[in-house]
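Student: Structure in C-alpha cells, see below.
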Amino acid sequence: MRSLLNFLLRMHFLLLFILIEILSFSLLVNNNNFHKAKLVNFSRQFAGNFHTKSANLKQYFSLTKENQRLAEENNRLLNIIESTYKSDEIFFRSVNDTILNQRYRYTSARIINNSINKKHNFLTLNKGSQQGIFPEMAAISDGNIVGVVKGVSSNYSTVISVLNLDLRISSKIKKNGYFGSLSWDGKDYQSATLSEIPLHADIQIGDTIITSGFSSIFPEGIFIGFISEIEEKGGSFYEIKVKLSTDFKSLDNVSIIGNLLQTEKLELEKQIN
C-alpha cells in the first residue's frame, strides 16, 4: 500500500495532466459534431480492421480442418454418384435397389507421414480397418493417382506410393486405349515409365495417361499424367516417360476407393489360372 501511495505522490502531476487531457478531449468531441463524426468513423474503421484480421487469422488456423471437411464432402458426393449410377454392364437383370448397382465406395483420410526420396516410398494415413480401410484399396488425390493400400491396423494404414519400385499399375493412353504397365525407376519423383505400348500405336508428347480399369483396384480413368518423352526400346514396344500429375511433395488428404466387386472378380479369375 505504501508503495502505491509513494507512486501516486511522485506521479500526481502526470496523472493530473492525463486526466485533464481526457476531460478536454471528451468535451471537444461531445460539443463538436465534426470531431465526433471523425471519432466515430475512426472507431468503426479500427474495429473493422481488427475483426478482419481476426477472422483471417482464425481462417488460417482452420484451413486443415476445412480441407478435411471438403475431402469428406467430395467423397460423400462420389458415393452418391456411385450409388445412383446404373451401368450398362448389368442390363441382363433389372434391379430397383440402387445399392446393388454401386461398384466403388469412397472415403477420405489424412496423410500423417510421407516419403519421396527412398526406393520404396510409402504414405501413412490416419484411418484404418475401424474406419473401413483394407489392403488392396486405391488411393487418389483430387482425381490423381497416389498408390495402393498395403498395411492396415485398427486406426492407421500404409499406402505404397507410385514412387515405389515394387508397384506396377495397369495404365493406358486416353485417346486410343493402348494399355501397358506403369512403374517408377527410382530416380525422379515427378515422372514414371510406361512400357509395353506397341510401336504401331499413335502416340505424341503431351498425350494423357490414365488408369486402364483392368485391375480390381483402380477404377478406369484415374488421371496419371502426360507423355513427356518417347523412345523405341528394342523389339516392338515403346518406352514412354510420363510426367506425373500428382505432386507428392504437397499431398495432404487422399480419397480411398474400395471396389465392392473386387472379391467376385478375383475369385472368377482364379478359376482360369
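We did not get these values from a lab; they are worked out from the coordinates using the rules stated. Model, not experiment: these values are computed from the prediction. Note that each Cβ is placed from the backbone with ideal geometry, even for glycine, and that neighbours are counted across all protein chains shown.
Student: Using each residue's phi in the range 262-269, evaluate 6.51 cos²θ - 1.76 cosθ + 1.60 at θ = phi - 60° and report the 3J(HN,Hα) Karplus result to the nearest Hz, with x for Gly and Pro.
Tutor: After applying 6.51 cos²θ - 1.76 cosθ + 1.60, I find 4, 4, 4, 5, 5, 5, 5, 5 Hz.
Student: Shifting gears a bit: Express in whole angstrom the spacing between the alpha-carbon centres of the range 211-273 and the range 106-150.
Tutor: The two parts, judged by their Cα centres, are 15 Å apart.
Student: What residues have an amide H closer than 5 Å to that of residue 207, excluding those fewer than 5 places away on the same chain, when H is modeled at 1.01 Å from N in the peptide plane?
Tutor: Distant-sequence amide H within range of residue 207: 227.
Student: Testing the spin-label approximation: label points 7 Å from Cα along Cα→Cβ at residue 226 and residue 270. State their distance in nm.
Tutor: 4.3
Student: Output wanted: per-residue J couplings in Hz (rounded whole) for the range 186-194, from phi through Karplus 6.51 cos²θ - 1.76 cosθ + 1.60, θ = phi - 60°, x for Gly and Pro.
Tutor: With the stated coefficients, the range 186-194 comes to x, 10, 9, 6, 9, 9, 9, 10, 9 Hz.
Student: Counting only residues 5 or more places away or on other chains, whose amide H sits under 5 Å from the amide H of residue 222 once H atoms are built in the peptide plane?
Tutor: Excluding prolines and chain starts, which carry no amide H, the hits are 211.
Student: Residue by residue through the range 232-245, which ³J(HN,Hα) values in whole Hz follow from phi under the Karplus form 6.51 cos²θ - 1.76 cosθ + 1.60 (θ = phi - 60°), with glycine and proline marked x?
Tutor: Once θ is set to phi - 60°, the couplings for the range 232-245 become 7, 10, x, x, 10, 10, 8, 10, 10, 8, 10, 7, 5, 7 Hz.
Student: Under 5 Å between amide hydrogens, which residues at least 5 positions from residue 191 or on another chain qualify, with H placed 1.01 Å from N in the peptide plane?
Tutor: It is 244, by chain and number.
Student: Report the full-extension gain for the segment residue 239 to residue 119: residue separation times 0.36 nm, less the Cα-Cα distance, to one decimal in nm.
Tutor: Length gained between residue 239 and residue 119: 41.1 nm.
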